[in-house]
Amino acid sequence: MVTLFFIAAAVAIIATFMVITHLEAVHALLHLVVSLLAVALIFYLLGAPFIAALEVIIYAGAIMVLFVFVVMVLNLGPLTREQETRWLRPGMWVAPAILSGVLALELVYVLLGGQKPLSVSSGVDVKEVSHSLFGPYLIAVEVASILLMAGLVGAYHIGRGWKGKAR
Amino acid sequence: MTDQIPAEYALVLAAILFALGLAGVLVRRNILFILISLEIMLNAAGLALIAAGARWGEPDGQIMFLLVLATAGAEVSVGLALVLQLYKQFRTLDIDAASRMKG
Amino acid sequence: MLDTLWIVPALPLAGFVFLALAGGRIPRTVIAFIATATVGISALLAIAIGVTFLGLLPQEASYRQVLWQWVSVAGFEPAIGFHLDALSLVMMFVVTFVAFWIHLYSTEFMIEDEAYGRFFAYMNLFVASMLILVLADNLLLLYLGWEGVGACSYLLIGFWYHDSANGRAAQKAFIVTRVGDTAMAIALFLLFVNFGTLDIQAILQQASESIQSGSLIAVAVTALLLGGAVGKSAQLPLQTWLPDAMAGPTPVSALIHAATMVTAGVYLIARTHTLYSLAPQVMAAVAGVGALTLFIAGTAALVQRDIKRVLAYSTISQIGYMFLALGVGAWGAAMFHFMTHAFFKALLFLAAGAVINALHHEHDIFKMGGVRHKLPLVFWTFLIGSASLAGFPLVTAGFYSKDLILWQAWSSGQGQAWLWAIGVATAFLTAIYIFRVVFIVFFGKERTHVEKLPRRPMTVPLVVLAFFSIVSGFVEIPPALGGRHLFSSFMSSALPSAAVEESHTTELIFSLIASLLALAGIYLAHLFFRTRREHAEPDAGKRLTRFLFGGWGFDWLYDRIFVRPFVWIARVNRNDYIDSIYGGIAALSRGLNTVFSSTETGRVRLYAAGIACGSIILVAIALLL
């Protein structure tokens, strides 16, 4: 089981690395889907099958499709690829790599530092999640629905003029 | 389940993914890639929540993840609409092209 | 009847509020009517209350009326409350009565002034503040009235503010009295710390029970209160403001700077006499201050050219007599002299105002002369006032009150020979300087043409005050001359009377000496200023004359010691170094603003990098701690 976890983790890390380094948006998105699927597996291993399913359906499914759709709409040609090559010189990587590396090291140090290992309990039932979701967290659910509504209205409003004036 | 995954490992993975996402945000000038990197960071945060929830056997972590998911959905929809508008205005996806606070 | 006490100060206050709000829009007759009527009704009410109070007197020596709680903070609970006893009754009566006649006089005197409504609004506010001062049952309310009359004094000295000299005189009066007021405020703090209350009667009660004679607290409090009193009453060393205060309209000088406000210091000391009895050193200081002041002011009055300045120095001198009386424990005598002085000094000022008004606002006595034929009524009333001031024997009020003070300065327990000697010598000077004015202004040949004759509203107050300048003395006649003790027996219900043990013959001899000196002074004045008038004008070249003219050089001294160093400091600190600290803070903020707004580039990735750096630092801090 731990082996499974390590494999999934390695896949996720490598795939994510590919995402942020790739020049082609569509390829990057496909790598991201792979990474998300790996994380979904980890969710399953951590005893959260419901969330794993949501990760696949919503993240890897809906949201990524949205991205791909936008990339297709933008219709980016080889010009963009050249531009990306120009933008992504090796020197660009130094400062962000240092920052992110330091942050990651700090976090890893915190997480692994000293205390006795915390092992995961046997997982949480979907029923339990549902009970507290529509029990104590009801307000949060409502707020989330309002947020989605706002996102819907906002996206509609911002994207409205696109088709008419674009070309 | 005989051998269980230590929660630290999952958390460390979340930290690594988060750092990678951060590096992506900082290094890319293409707004589309910045949005993608933001998704990576959100997902990493969700992973940390799930791991913590699993460690304590409480449903709260998963609920938080659901809320993060909702946030991510709203953020992506608005963000992509902005990408489209940006491209329409500037004919480029360069984020630095939009450094002036005027249309 | 007594429960209408609150109306006495409330009426002038209402008059003030009305005139302040509507004074510019209503006709002058209405203004005059409202201002005079409110004070007049107050005066009538005060008399009625006085009569009622006299009927109750042997049984009830005081009456107290608490209107409402003013503040309530941690045991500090001063009330808006009034205390009526013999002392405050006399003050209340004199203030309202004299104020009424002066208001009536002003309706005519100020008739040509543009700011008619403003003048009467200030005057009414002054009367209200003064009544609050004398009636207050606690020191905080008294202080309110005290500062109220100070503010009115400032406003009225600078009433003709178009002339900047008047504004400066007003500022001088305000600032010099402020020195004393600060001392008084500290005295109030000390009293509150020691007694936990500012209620006057409670303090006096506790003090007589718990404080030892001559103890530090008694000395400190009384010395500080004395500081307040000398400031308000223009005594040494804070007397310099009063002569300059004559810049105000003459009725103001009569009411505020002669009859009422400047005697507030006398009232304050008399009110807290129990404390002073516990501090014999300070009592001696009060007497010493009074004696020195009355002599200095008396000599300065000898050479003044401005008729109002003569009267101003005379006021300082006469209040010096009251302080002398207070200092020797002759509380009743001080109040008696306060009363008679209020009448005859108000009369003198009003009569002088009538002369000034008739002679195109001429103040210099050497440009006046022979006015007696044109203004006979003014002449006779001024003569009566002068006689009273000079202590003309037997028929004037001033004689009886001054005689009582001089006698007690000699005979009472704290009395001393040198106090009496100075008092008598200055009584002689008083006769000279006031009859100098009489002879120069009213006799001789006419120098300035008399144009305006005073009309009824100005002459009636003169006659009434002249009447009181004579008869108010008959309420207290020394035993040697028949003996009548209406005033002192009335006062004894509120103030302890000074014990007098000497025989009647001794007292008679002392009266005789004082009388003879007064008569001699009048004769000398006649000799110098009537018959040899040509040489009477003071020679400004003589050093002694200049010294006396400047009031013994106190102004010169204070200018060197306080004003010039202060001006120098102000000049050195012209760039306001202290303010530059705050200026520096502002400049720093502006600089930081420039720095931070330059980071606002609009580049999203830089912002993200900033956030990342911040989180790295925060996590690092969490790690290290």
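The values are calculated or read from the model by the stated rules, or taken from the named source; none is laboratory data. Every value quoted in this text rests on a predicted model; they were computed, and no experiment measured them. Counting neighbours? That spans all protein chains shown, and the Cβs are built from the backbone with ideal geometry, glycine included. Calculation scope for accessible area: heavy atoms of the full protein, side chains included, ligands and nucleic acids excluded. Shrake-Rupley method; radii C 1.70, N 1.55, O 1.52, S 1.80 Å.
Data table
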item	result
Hits in segment C:448-469 - residues which are among the hydrophobic types (A, V, I, L, M, F, W, C), assigned to a helix (DSSP H, G or I) and surrounded by fewer than 20 Cβ atoms within 10 Å (Cβ to Cβ)	C:VAL460, C:VAL463, C:VAL464, C:PHE467
Flag if C:ALA612 is within 10 Å of chain B (Cβ to nearest Cβ), under 30 Å from B:PHE18 (Cβ atoms) and part of a helix (DSSP H, G or I)	yes
So C:ALA409, is it within 23 Å of C:ALA520 (Cβ to Cβ) and in a helix (DSSP H, G or I)	yes
Residues within segment B:67-95 that are more than 7 Å from chain A (Cβ to nearest Cβ) and either over 16 Å from B:VAL25 (Cβ atoms) or touching a Ser or Thr at 6+ places or on another chain (Cβ under 9 Å) (or both), tallied	7
Residue list for segment B:51-73, filter: more than 20 Å from A:ILE146 (Cα to Cα) and open to solvent by 30 Å² or more (accessible area, probe 1.4 Å)	B:ALA52, B:ARG55, B:TRP56, B:GLU58, B:ASP60
Residue that is among the hydroxyl-bearing types (Ser, Thr, Tyr), within 7 Å of chain B (Cβ to nearest Cβ) and either surrounded by 14 or more Cβ atoms within 10 Å (Cβ to Cβ) or out of contact with any Asp or Glu (no Cβ under 6 Å at 6 or more places or on another chain) (or both), where the choices are A:THR85, A:THR16	A:THR16
So C:SER317, is it crowded, with 24+ Cβ neighbours inside 10 Å, in contact (Cβ under 8 Å) with a residue 24 or more places away in the chain and at negative phi	yes
Members of segment C:178-207 found to be crowded, with 16+ Cβ neighbours inside 10 Å, more than 23 Å from the chain's Cα centre (by Cα) and farther than 13 Å from C:ASN138 by Cα, listed by number	C:ASN194, C:GLN206, C:ALA207
Leading residue by the ranking (modelled with the lowest pLDDT) among those in segment C:498-524 that are farther than 17 Å from C:VAL424 by Cα and assigned to a helix (DSSP H, G or I)	C:HIS504
Residues of segment B:1-21 that turn out to be more than 7 Å from chain A (Cβ to nearest Cβ) and either open to solvent by 30 Å² or more (accessible area, probe 1.4 Å) or closer than 17 Å to A:LEU41 by Cα (or both), as a count	3
Some residue of segment C:347-364 being surrounded by 24 or more Cβ atoms within 10 Å (Cβ to Cβ), closer than 19 Å to C:MET261 by Cα and in contact with a Gly (Cβ under 8 Å, 6 or more places away or on another chain)	yes
Top-ranked residue in segment C:479-496 [being assigned to a helix (DSSP H, G or I) and free of Cβ contacts under 8 Å to residues at least 24 places away in the same chain; ranked as least open to solvent (accessible area, probe 1.4 Å)]	C:SER489
Residue in segment A:88-105 that is more than 22 Å from B:ALA72 (Cα to Cα), open to solvent by less than 60 Å² (accessible area, probe 1.4 Å), more than 10 Å from chain B (Cβ to nearest Cβ) and outside any helix (DSSP H, G or I) present	no
Among residues of segment C:586-605, those that are assigned to a helix (DSSP H, G or I) and open to solvent by 100 Å² or more (accessible area, probe 1.4 Å), counted	3
Flag for B:GLY24 being over 19 Å from A:ILE158 (Cβ atoms) and within 7 Å of chain A (Cβ to nearest Cβ)	yes
Candidates C:GLY158, C:GLY50, C:GLY145 - the one that is in contact with a strand residue (DSSP E or B) (Cβ under 7 Å, 6 or more places away or on another chain), open to solvent by less than 50 Å² (accessible area, probe 1.4 Å) and not hydrophobic (A, V, I, L, M, F, W, C)	C:GLY145
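Residue by residue, here is whether (1) part of a helix (DSSP H, G or I); (2) crowded, with 24+ Cβ neighbours inside 10 Å holds:
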position: C:LEU238; (1), (2): no, yes
position: C:VAL262; (1), (2): yes, yes
position: C:THR274; (1), (2): yes, no
position: C:ALA284; (1), (2): yes, no
position: C:ALA297; (1), (2): yes, yes
position: C:ALA300; (1), (2): yes, yes
